[in-house]
Each structure stands twice: as structure tokens, then as C-alpha cells.
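For reference, the structure discussed in these notes is given below.
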């Protein structure tokens with residue numbers, strides 16, 4: 001969550017607000033399972049009892065499985081990243097169908113590349129939607145509005161190859177069922193108000209800010225594609241400092257590298273990263289570390305849903 005422009009953010013420490021679920025701490029978890037935990041997180045088994053209320057609890061009362069210093073890195077991409085473009089088109093198709101048909105079944109996969117969008121998958125619905133128009137609207141909203149972007153919303157080709165869901169699958173899941181199985185894992189943490197780990201929230205805040213200054217015209221030469229990575233040093237399970245920041249920002253062709261670095265530091269990194277964790281003199285900061293980033297988006301890499 002990015003603070004207001006021009007200010008340095010500050011993530012609270014010590015007492016944190018979190019949901020008080022019925023829980024027990026595992027003091028001797030399986031060693032193999034411990035490697036899956038984030039730095040210093042307690043191994044917690046959640047019961048089915050919903051939270052009765054919110055309460056505050058000092059982090060010092062938590063059981064830390066990790067002692068010493070440990071780095072933890074996360075990355076985020078902007079709305080113009082090719083894989084994120086594909087995600088947004090698939091999401092928009094789903095939203096369009098559910099708006100007309102609450103019982104519609106949608107498995108929508110999108111591929112984007114230079115001058116081309118391909119929408120495929122299995123869709124069963126009574127809704128009448130224009131998939132090509134939806135895809136073009138997503139591209140326009142993201143900002144792919146010029147030919148030099150490699151894909152332009154109103155001139156690119158949009159192909160659709162959509163089938164209905166297999167009747168063999170549908171017969172077993174007609175009401176409220178899922179057409180496939182899957183495995184997921186994750187966790188909640190009280191490091192941030194969003195209950196997400198600090199590195200990923202900082203990375204998201206940077207890409208959100210990067211997209212914001214592009215859309216507002218604050219940095220007029222930015223293009224839609226971009227990415228960030230943030231590395232945080234944990235000490236005994238607590239975020240201690242930001243050690244490394246990487247920001248890759250797509251830009252117009254006539255911008256000098258020094259101008260790019262200065263603008264990203266001032267307009268993106270400075271207003272977002274908390275001053276109590278980020279010291280510009282100690283941390284490593286890499287802006288477009290591979291050099292120029294003029295060619296990007298679906299022109300630079302093909303994008304796929306869910307990647």
C-alpha cells in the first residue's frame with residue numbers, strides 16, 4: 001500500500017492487528033515443513049472456528065522458527081507486463097460472462113504477442129459477449145494505444161478459438177462443482193495491514209506507483225511494461241532493512257539512462273519505500289539493470305494467462 005506522493009511510508013512494528021483464530025503453535029514441526037515457512041513465521045494450525053473479534057498481540061509472543069539473518073525477496077509486475085495483460089483479458093471475459101450468466105462456466109486462456117491476441121479455452125454460457133471487443137478494451141485501458149508499443153488496441157488481430165466444456169466433465173459438476181482439482185498453499189502474516197509478507201507488498205507498491213505516474217503523466221515517457229523486486233533482510237524473524245531494490249521500467253526511445261534513473265528514484269522509489277527500512281546509501285538500487293528497455297510488453301515477450 002503506497003503512501004501519498006512525496007512522503008516516505010512507515011510500516012508499523014511491535015503491536016500488530018490480526019485475526020484471532022483458534023490456534024495452537026507447533027513447537028516441533030517436521031523439519032521438511034519448516035523450510036516452507038517464511039522467515040521467522042510461527043507454524044500455526046488454524047481450526048475451523050471463525051474469528052470472534054480483532055485483537056492486538058505483541059509480536060514478541062510469537063514463536064520464531066528462524067534465528068539470525070535471512071534474506072527474503074519478492075517481485076511484482078505492472079499491468080502492461082505481457083503475462084499480466086493475458087491475465088486481465090481472461091479475467092475480463094469471465095467478468096463479462098458472469099454479469100449476464102451467473103451459472104456460466106469459464107476456463108479462458110489468453111496468449112498475447114506482437115500484434116496478436118489469441119483467446120481460447122472452454123466456455124459454457126448463455127451470455128452473448130463479444131470476446132474480441134473485450135480484449136481490445138483491456139489493451140486500450142492498459143495503455144497499448146500506439147503502434148510503437150508493438151501491439152495497438154484498435155489495429156491488432158484478435159483470434160478466438162473457444163469450445164464448450166466437455167460433457168464428460170460437466171455431468172459431474174453441474175451444480176457448484178469444480179471441473180478440476182488443484183493444490184495450493186500460503187499463509188497470512190501480521191507484517192503488514194494486508195496480512196501479506198512485507199517484501200511482496202513493497203514490490204506491489206512500487207509497480208502500482210510506476211503505473212500511476214505513467215497514467216497521470218508524471219513521467220510522460222514511461223510505457224506500460226515494468227517490473228520490481230524487493231529484498232528484505234530479516235533478523236530473528238523480524239524485517240530489519242531493505243537490502244536490494246530492482247525496478248525495470250519500459251520507456252520511450254529518446255530518453256537518457258541518467259534521466260530514467262533520476263525520475264524513478266524521485267517519483268517511484270522515494271515516495272514508496274519506508275524510511276525506517278530503506279537507506280539509499282546502504283541498499284543496492286538497480287534501475288533498468290540490463291540497459292535500455294524500449295521494447296517490452298507483448299512485443300518483447302509472449303504473454304500467457306496464469307504464468
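Quick note: the coordinates plus some simple rules give every number you see, no bench work behind them. Not measured: the values here are computed from a predicted model. When we count neighbours, we look across all protein chains shown, and the Cβ atoms used for this are built from the backbone with ideal geometry, even at glycine.
Taking a ≥ b ≥ c as the square roots of the eigenvalues of the alpha carbon gyration tensor, region 236-307 is oblate, as a/c is not under 1.5 and a/b does not beat b/c. Taking each residue as 0.36 nm, the span from residue 235 to residue 166 lengthens on full extension beyond its C-alpha to C-alpha distance by 19.7 nm. Once the gyration tensor of the Cα atoms in region 82-174 is diagonalised, the equivalent ellipsoid follows with semi-axes of 27, 13, 10 Å, ordered largest first.
For region 102-249, the Kirkwood hydrodynamic radius from C-alpha pairs, put into Stokes-Einstein at 37 °C and a viscosity of 0.692 mPa s, yields a diffusion coefficient of 170 µm² per second.
Each Cα pair under 8 Å and six or more residues apart adds its sequence gap; the mean of these over the residue count of region 82-174 is a relative contact order of 29 percent. Taking 7 Å steps out from each Cα toward its Cβ at residue 145 and residue 102 produces label points 3.7 nm apart.
Given all pairs of different Cα atoms, what value in angstroms does the Kirkwood hydrodynamic radius of region 89-130 take?
Evaluated over region 89-130, this radius sits at 10.7 Å.
Our summary gives region 221-307 a relative contact order of 34 percent, counting only alpha carbon pairs under 8 angstrom and 6 or more residues apart. The share of C-alpha pairs in region 207-261 whose separation exceeds 16 Å stands at 52 percent.
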